[in-house]
């Protein structure tokens, strides 16, 4: 379906911390069409300042009592003018919401396992993905790292879906102290002796977070022969391929490095395709 | 109501053009926008060869505007003709091809190749991109360079030739005059304003290219002034642009002297802006009893103010 632009009503704004919130938007058409990993372009205010829309992963697909899609939520972190406005958005307010856009995650089916690897606001695409994986009966684990315990969000949501949690914090206030790539590497190493396609073999990895964390995770995936998709975050102007702002360096079939637009070729891209040190 | 405008030998059925560098190769928007409903589509600047452009970050937002330093990433003219032009033809788009070279010969070669391609309506000469070191703007910042590149291209093509002028000069009207004397069919202006944004926390520029071009509503009054100045200086048509975000803005450019307008940054924000712009222009024409949109061009009244004694 081509993307649509709707003036989506804010149905709720749930603060998660002093910097993070979940904004729920009434957008049934987008909700019905969105696949996990796709994104929307949201205009945070009216008028010319801030001017551009900002991209957000579809965090959750919201449904009514009968299960029909009625809206989406986005996970927002205050980092600039637009995200500041979205942190302060009030129920009843309408926001321009264009989507769904981009390439979704490639799903798996049992007996394959799925490991979601999230860093900070990189949790954004995984609520919808976890629901979808649950519906397929796929065994899923969420590796989730944050600065501190108070910035680990939605843990019960994932537990209720039967997702196994592996947590790290930089200050050690929850889970293991350090980075999420440490338990990720141990888990991959424990599977390394098992041949692919059999239970316990390397799982499908889905990664979203800071660039360095995605690079490290994608390299681990290559070392342990796990298939791996990453959700790239780039500054976007339009989300539609018009502006060429959001490029990612990839190695082409000709072995040369090319810039591809992450709004069209991504945001979900194969981790082994990306030139991480460019 | 007549919305058609003339750009040299080319008639556009309305004055709205998707701005080069802001609309990909047009095909990206083919499922969202009826490309045939636009006056024309100016495709992303093309060199002879493929280019990868600058590393990200390539854009940064500013008050009512944005800076970009894409670095003219592009697929090159041959791939454009093979891979994009057929779909643009099938969608019945009026295609303006924006071309850029590092030497005079490259502009000439591009013009030759595109003159033989089916479905090209006009050539826009990019002599004004602020984001690449070689070529382009070195022509656009010199009166002789502007004259030379326009006259060289003029000699090898029958397509309308439209140099796109930079605002990063002291007197843009003198460049418009040089283009006219060299045989340009029209000029388009303005390209972006060279600008810079620094992250004060890290003391690093926010763009990988350090500097970039400012576009968006923030630049509109300067662009309108430049179109107005050029209108006084030349007789060939002007394609005006710079921060147009609604129909009133488009009309303002036409009253200042533009025969047609390009819209870029605003279509990033609202890809569905085109029918809204057309409706707004139509309703303005109704309200002001304007039968032909071309009758608005250059009608700014700078005489004594009637509200003053």
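Summary of computed values
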{"item": "Filter pass, residue B:67 being within 13 Å of chain A (Cβ to nearest Cβ), part of a loop (DSSP other than H, G, I, E, B), closer than 24 Å to residue B:266 by Cβ and in contact with a strand residue (DSSP E or B) (Cβ under 6 Å, 6 or more places away or on another chain)", "result": "no"}
{"item": "Any chance residue B:168 is closer than 25 Å to residue B:257 by Cβ and not in a strand (DSSP E or B)", "result": "yes"}
{"item": "Residue match in the range A:189-200 (condition: at pLDDT below 95 and touching a helix residue (DSSP H, G or I) at 6+ places or on another chain (Cβ under 8 Å))", "result": "yes"}
{"item": "Residues satisfying the stated conditions in the range A:125-149, i.e. over 16 Å from residue A:31 (Cβ atoms) and either outside the structural domain of residue A:160 (by TED's automatic domain parsing) or part of a loop (DSSP other than H, G, I, E, B) (or both)", "result": "A:136, A:137, A:138, A:139, A:147, A:148"}
{"item": "Residue match in the range A:234-254 (condition: assigned to a helix (DSSP H, G or I), in contact with a strand residue (DSSP E or B) (Cβ under 6 Å, 6 or more places away or on another chain) and more than 9 Å from chain B (Cβ to nearest Cβ))", "result": "no"}
{"item": "Restricting the range A:30-49 to residues that are more than 14 Å from chain B (Cβ to nearest Cβ) and outside any loop (DSSP other than H, G, I, E, B), the residue that is nearest to residue A:76 (Cα to Cα)", "result": "A:39"}
{"item": "Pairs, first under 11 Å from residue B:116 (Cβ atoms) in the range B:149-161, second at pLDDT 95 or above, C-beta under 6 Å, six or more apart", "result": "B:156/B:108; B:156/B:111; B:156/B:112; B:157/B:111; B:157/B:115; B:159/B:115; B:159/B:122; B:159/B:123"}
{"item": "Matching option when the condition is surrounded by fewer than 19 Cβ atoms within 10 Å (Cβ to Cβ), more than 14 Å from chain A (Cβ to nearest Cβ) and at pLDDT 95 or above, among B:241, B:196, B:226", "result": "B:196"}
{"item": "The one condition in (1) touching a helix residue (DSSP H, G or I) at 6+ places or on another chain (Cβ under 9 Å); (2) within 10 Å of chain A (Cβ to nearest Cβ); (3) in contact (Cβ under 8 Å) with a residue 40 or more places away in the chain; (4) surrounded by fewer than 22 Cβ atoms within 10 Å (Cβ to Cβ) that residue B:56 fails to fulfil", "result": "(1)"}
{"item": "Filtered residue count, the range B:20-49, keeping only those that are surrounded by fewer than 24 Cβ atoms within 10 Å (Cβ to Cβ), assigned to a helix (DSSP H, G or I), touching a residue at least 24 places away in the same chain (Cβ under 8 Å) and within 11 Å of another protein chain (Cβ to nearest Cβ)", "result": "1"}
{"item": "Matching residues in the range B:245-265 - criterion: being crowded, with 24+ Cβ neighbours inside 10 Å and within 11 Å of chain A (Cβ to nearest Cβ)", "result": "B:264, B:265"}
{"item": "Residue among A:51, A:95 that is out of contact with any helix residue (DSSP H, G or I) (no Cβ under 7 Å at 6 or more places or on another chain), buried (at least 21 other Cβ atoms within 10 Å of the Cβ) and not assigned by TED's automatic domain parsing to the domain that holds residue A:241", "result": "A:95"}
{"item": "Scan of the range A:151-176 for residues that are farther than 15 Å from residue A:209 by Cβ, outside any loop (DSSP other than H, G, I, E, B) and touching a strand residue (DSSP E or B) at 6+ places or on another chain (Cβ under 9 Å), ordered by number", "result": "A:155, A:157, A:158, A:159, A:164, A:165, A:176"}
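One line per residue, one yes/no per condition, for (1) under 18 Å from residue A:238 (Cα atoms); (2) in contact (Cβ under 8 Å) with a residue 40 or more places away in the chain; (3) buried (at least 17 other Cβ atoms within 10 Å of the Cβ):
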| position | (1), (2), (3) |
| --- | --- |
| A:64 | no, no, no |
| A:72 | no, yes, yes |
| A:80 | yes, no, no |
| A:91 | no, yes, no |
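The values are calculated or read from the model by the stated rules, or taken from the named source; none is laboratory data. Quick caveat: nothing in here was measured; it's all calculated off a predicted structure. Reconstructed Cβ throughout: ideal geometry from the backbone, glycine too, with neighbour counts over all protein chains shown.
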